[in-house]
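A short worksheet on the structure shown next.
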Amino acid sequence: MALRFVGIDPETNGGNCPSVWIDEETGDLLFQGWEVVDGPTLSEVAARSPIARHEKIVRLPARMRAIVQEACGGGAADLR
């Protein structure tokens, strides 16, 4: 599997930061983010889309929207 790095949280301090990747073979998006563990948020998500045991909900900061758009082909500026 070949992964292409799209971008990292622009306010990163150098490690353990949210990032976005693309699987070059499948076009799938991969997100590294903060795992959501608070009950109300998980309940709200599960009400619309049940969360399987093998799934996690992750949060990315709003400042990463342009990076996610770039990964989706939105042509956002390079924020790396």
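For segment 57-74 and segment 19-46, write down the distance between their C-alpha centroids in whole Å. When both Cα centres are located, 10 Å separates them.
Divided by 2.2 N^0.38 Å, where N counts the residues, the Cα radius of gyration of the chain comes to 1.19. Backbone geometry of segment 50-55 corresponds, through the Karplus equation with coefficients 6.51, -1.76 and 1.60 at θ = phi - 60°, to 3J(HN,Hα) couplings of x, 9, 6, 4, 8, 9 Hz, x marking Gly and Pro.
A dipole drawn for the chain from +1 and -1 charges on Cβ atoms has a positive end, and of Ile67, Gly39, Trp21 the residue lying farthest that way is Gly39. Between helix 39-48 and the chain there is an angle of about 90 degrees, using the helix long axis and the longest principal axis of the Cα atoms.
For segment 25-37, the Karplus equation 6.51 cos²θ - 1.76 cosθ + 1.60, evaluated at θ = phi - 60°, returns couplings of 7, 10, x, 4, 9, 10, 10, 9, x, 7, 5, 7, 10 Hz by residue, with Gly and Pro reported as x. Over the chain, Cα pairs under 8 Å with separation of 6+ residues give a relative contact order of 32 percent. Per-residue ellipticity at 222 nm from helix content only, as computed over the chain with -39500 (n - 2.57) for each DSSP H run of at least four residues, stands at -6000 deg cm²/dmol. Let's see if you can work this out: charge +1 on each Lys and Arg Cβ, -1 on each Asp and Glu Cβ, no other charges. What is the dipole magnitude of the chain about its Cα centre, in debye to the nearest 20? Using only the charged Cβ atoms, the result is roughly 180 debye.
Readers should treat all values here as calculations from the given coordinates under stated rules, not as data from a laboratory. Because the structure is predicted, anything quoted here is derived from the model rather than measured. With ideal geometry, Cβ positions are generated from the backbone for all residues, glycine too; neighbour counts draw on all protein chains shown.
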